[in-house]
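Peer 1: Before anything else, here's the structure in question.
All of the numbers you see were taken from the coordinates with simple rules; none came from a lab. The structure presented is a predicted model; accordingly, all values stated were derived computationally and were not measured. FYI the Cβ positions are ideal-geometry reconstructions off the backbone, even for glycines, and counts take in every protein chain you see.
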Amino acid sequence: MALFAISDLHLDMTGDKPMDIFGDNWIGHDRKIKSNWMNKITCEDTVIIAGDISWSMNMGDGFLDLQWIHHLPGKKILVKGNHDYWWNGITKLNSLYDDMSFIQNNFFPYKDYALCGTRGWNCPGSENFSQHDEKIYKRELMRMRNSLSCAVEAGYSKFIAAIHYPPIGEKFMSSGFKDIFEEYKVEKVIYGHLHGETSLKAVTGDLNGIEYILTSADYIDFDPKIIIGR
């Protein structure tokens, strides 16, 4: 019963989105993910999917991509990414599948851990950060705090957080997300969003006692990364 993570699946079962424009390594990326997934993940395992799940603009198309994930083994815990426009109605989403759970102002258990999360947003200090960004950023801080607070109220004291956007701003600037993680003594933070050369600047490894783990699909060679072993 292990915990894995991957983000930025960027699925498109309609076939309208050619992924090779992002680099040759993205050609057939869904087949790579499926093959790696099937080789290492069992029905007893759990997989965190940290956003940018589907390119679909509406739930009708997004349902095809969710079905693709549903047919893979294991329990899946999902947070929203900036491209997940199909994501609509958390109660409805959490009623769709018994093996897929969606985080928004809530949490889900894994052994003695609470899996918490939110989408996140660009952090202050980022290029062209605007008043509009500030509004969304503050809302996402509230959602992350709500998720962790729900877990605390349920009696949990060990936390793993999933967030799509990098929780630490450009030039390694601190952020409200980092402050919240340290306040709640989160053990590990899973995130994505960064691709190609931008991922080379990512904050990974231990920082103030928290392990930051980048799981963008191309960064981990489309192979779900183990977070906690069996």
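Peer 1: Net charge within 10 Å of T14 by Cβ-Cβ distance, Lys/Arg positive one each and Asp/Glu negative one each, not counting T14 itself? List each step's numbers first, then the result.
Peer 2: Numbers: positive: K17; negative: D12, D16, D61, D65.
Net charge around T14: -3.
Peer 1: To continue, here is another question. Which order do the peptides 158-168, 5-15, 86-96 come out in when sorted by mean C-beta neighbours inside 10 angstrom, highest first?
Peer 2: On the way: 158-168: 25.1, 5-15: 20.9, 86-96: 14.3.
The packing order, highest mean first, is 158-168, 5-15, 86-96.
Peer 1: May I ask you to work out the translational diffusion coefficient for the chain at 10 °C, viscosity 1.306 mPa s, via Stokes-Einstein with Rh from the Kirkwood sum over Cα pairs, reported in whole µm²/s? Write out the running numbers ahead of the final one.
Peer 2: Values: Rh = 17.6 Å.
This corresponds to a translational diffusion coefficient of 90 µm²/s.
Peer 1: Treat every Asp and Glu Cβ in the stretch 3-228 as -1 and every Lys and Arg Cβ as +1, leave all other atoms uncharged, and give the resulting dipole magnitude about the Cα centre to the nearest 20 debye. Kindly include the intermediate steps, with their values, before the conclusion.
Peer 2: Numbers: 23 positive and 31 negative charges, 107 e Å.
So the dipole magnitude of the stretch 3-228 works out to roughly 520 debye.
Peer 1: Could you list C116, C123, C43 in order of exposure, starting from the residue whose Cβ has the fewest other Cβ atoms within 10 Å?
Peer 2: Working: C116 33, C123 23, C43 9.
Going from sparsest to densest Cβ surroundings: C43, C123, C116.
Peer 1: What's the local net charge at E211, with K and R +1, D and E -1, over the other residues with C-beta under 11 Å away? It would help to have the intermediate numbers written out before the result.
Peer 2: On the way: positive: K188; negative: E187, D206.
Once all neighbours under 11 Å are counted, the net charge is -1.
Peer 1: Counting only DSSP beta bridges with both residues in the chain, what percent are antiparallel, rounded to the nearest 5? Before the final figure, lay out the partial values.
Peer 2: Numbers: 9 of 36 bridges.
For the chain, the DSSP antiparallel bridge percentage is about 25.
Peer 1: Which of the listed residues, Y219, V47, T91, is farthest toward the dipole's positive end in the chain, when Lys, Arg count +1 and Asp, Glu count -1 at the beta-carbon?
Peer 2: Positive-end residue among those listed: T91.
Peer 1: Can you find, among F22, Q67, A114, the residue farthest towards the positive end of the dipole of the chain? Put +1 on the C-beta of Lys and Arg, -1 on that of Asp and Glu.
Peer 2: Selected residue: A114.
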